[in-house]
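Written below as structure tokens is the structure these notes are about.
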Amino acid sequence: MYASMTQDITATASRQEKAKAKAEQVEQFFLDWQDMSPAERIRAEYLASHDMTEEDLAALSEDERARIEEEIKEYVKMRLTGVVDNDNTPQSPTTALASQLARQELES
């Protein structure tokens, strides 16, 4: 019985640690988001909506990265000037966060 109680306590502590880490991750995301310039936020939205991270982008070939960087540049320009077509509707910060967290959950 004692072993079972110890296992339950250990499992509960582990779940609490994971929940605390996730909450800290969410908090850090919003703190980082708050410190971004509008262009940086738009870039992050673009990457999230294409299921990419800066690391993913850096890992691409030079030609592929240049092509995507040009797309991002046009997307940022489009958003900053207020011209957004329905096919490129950006994600909100909350949706972008949910996508990133879901992707991380699948990878772990």
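Values in this text are rule-based calculations from the coordinates and carry no lab data. Quick caveat: nothing in here was measured; it's all calculated off a predicted structure. Cβ: placed from backbone, ideal geometry, glycine included. Neighbour counts: every protein chain shown.
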Kindly write out, for region 72-80 in residue order, the coupling ³J(HN,Hα) from the Karplus curve 6.51 cos²θ - 1.76 cosθ + 1.60 (θ = phi - 60°), rounded to whole Hz, with x marking Gly and Pro. 4, 4, 5, 5, 4, 4, 4, 5, 5
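Taking the beta-carbon count within 10 Å as an exposure proxy, list 18, 73 from fewest neighbours to most.
18, 73
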